[in-house]
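These notes concern the structure reproduced below.
The values are calculated or read from the model by the stated rules, or taken from the named source; none is laboratory data. This is a predicted model, so every value here is computed, not measured. With ideal geometry, Cβ positions are generated from the backbone for all residues, glycine too; neighbour counts draw on all protein chains shown.
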């Protein structure tokens, strides 16, 4: 059973360290910036792919440090992502981040991760994260593709309308939840009728 607790972080309020500037580092940096373009990321690596350098140019809050990792790189960091091809380096950094209570993701090493980077579906303000508990990123990717294709492109207008309706509703929180549940249930039932 997947016992992970799903959260959505406001990464623009955190300081992130990414160790690795190759293929996996690029993948992780892309994921961070695609979801939270204002994230402040310090990237430390002995080598940077050209695409990593281009992302840093497009996002001035991303700083590149072309040198080996040092323990000082962890100063004032809230989140660490390790994406090199050096498992010994990852294990040694993870030991320190555990002592300092810094949440850490270690690429392709679920046992060392405090959190996983899920597969993300995004349509406007709607964002869905998919987790397979680290067991099958391929399945998560396939589900992402399915949901991306299935969720209508105009879902943002539905969200915009629902927030207006919610803001106009009277009553306590529970009453608003009940009213919105009835409203959205009707939308789903209406779709089902039109499909048959």
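Within segment 119-146, can you find the residues that are under 20 Å from residue 159 (Cβ atoms), touching a residue at least 60 places away in the same chain (Cβ under 8 Å) and touching a helix residue (DSSP H, G or I) at 6+ places or on another chain (Cβ under 8 Å)? Show your work before the answer.
Filtering segment 119-146 down to residues under 20 Å from residue 159 (Cβ atoms) leaves 120-130, 144.
Among the residues that remain, those that are also touching a residue at least 60 places away in the same chain (Cβ under 8 Å) are: 120, 122, 127, 129.
Hits for segment 119-146 are 120, 122, 127.
Look at segment 41-54 and say how many of its residues are in a helix (DSSP H, G or I) and over 22 Å from residue 74 (Cβ atoms). Give the derivation first.
As a first pass, look at segment 41-54 and keep what is in a helix (DSSP H, G or I): 50-54.
In the following step, the residues that additionally are over 22 Å from residue 74 (Cβ atoms) were identified as 50-51, 53-54.
Looking only at that region, the number is 4.
A quick yes/no check of all residues on (1) crowded, with 19+ Cβ neighbours inside 10 Å; (2) farther than 28 Å from residue 123 by Cβ:
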{"site": "7", "(1), (2)": "no, no"}
{"site": "21", "(1), (2)": "yes, yes"}
{"site": "29", "(1), (2)": "yes, no"}
{"site": "32", "(1), (2)": "yes, no"}
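Which is touching a residue at least 24 places away in the same chain (Cβ under 8 Å), within 19 Å of residue 97 (Cβ to Cβ) and not assigned by TED's automatic domain parsing to the domain that holds residue 131, of 62, 24? Quick ask: steps written out before the conclusion?
Values: 62 fails: within 19 Å of residue 97 (Cβ to Cβ).
Checking each option against the conditions leaves just 24.
Among the residues of segment 94-101, is any farther than 30 Å from residue 157 by Cβ and surrounded by 17 or more Cβ atoms within 10 Å (Cβ to Cβ)?
Going residue by residue through segment 94-101, those that are farther than 30 Å from residue 157 by Cβ are 94-101.
This time we only want the ones that are surrounded by 17 or more Cβ atoms within 10 Å (Cβ to Cβ), so: 94, 97.
Scanning segment 94-101, I find at least one residue that is farther than 30 Å from residue 157 by Cβ and surrounded by 17 or more Cβ atoms within 10 Å (Cβ to Cβ), so the answer is yes.
Identify all residues within segment 99-121 that are on the phi > 0 side of the Ramachandran plot and modelled with pLDDT under 95; write none if there are none. Break it down into steps so the answer makes sense when it comes.
Let us first name the residues in segment 99-121 that are on the phi > 0 side of the Ramachandran plot, namely 101, 108.
If the condition is that a residue be on the phi > 0 side of the Ramachandran plot and modelled with pLDDT under 95, then 108 is the only one that fits.
Could you check segment 64-93 and list, in sequence order, the residues that are loosely packed, with under 12 Cβ neighbours inside 10 Å and not in a helix (DSSP H, G or I)? Outline the logic, then answer.
Taking segment 64-93 as the starting set, the residues that turn out to be loosely packed, with under 12 Cβ neighbours inside 10 Å are 67-68, 70-72, 75-76, 88.
If the condition is that a residue be loosely packed, with under 12 Cβ neighbours inside 10 Å and not in a helix (DSSP H, G or I), then 67, 68, 70, 75, 76 are the ones that fit.
Could you tell me whether residue 124 is outside the structural domain of residue 85 (by TED's automatic domain parsing), at pLDDT below 95 and on the phi > 0 side of the Ramachandran plot? Reasoning before the result, please.
On the way: outside the structural domain of residue 85 (by TED's automatic domain parsing): yes; at pLDDT below 95: yes; on the phi > 0 side of the Ramachandran plot: yes.
So residue 124 fits the description; yes.
Quick one: what pairs do we get from segment 154-177, first residue modelled with pLDDT of 90 or more, second not in a loop (DSSP other than H, G, I, E, B), C-beta under 8 Å, 6+ apart or different chains?
What qualifies is 155/123; 155/126; 156/123; 156/126; 159/126.
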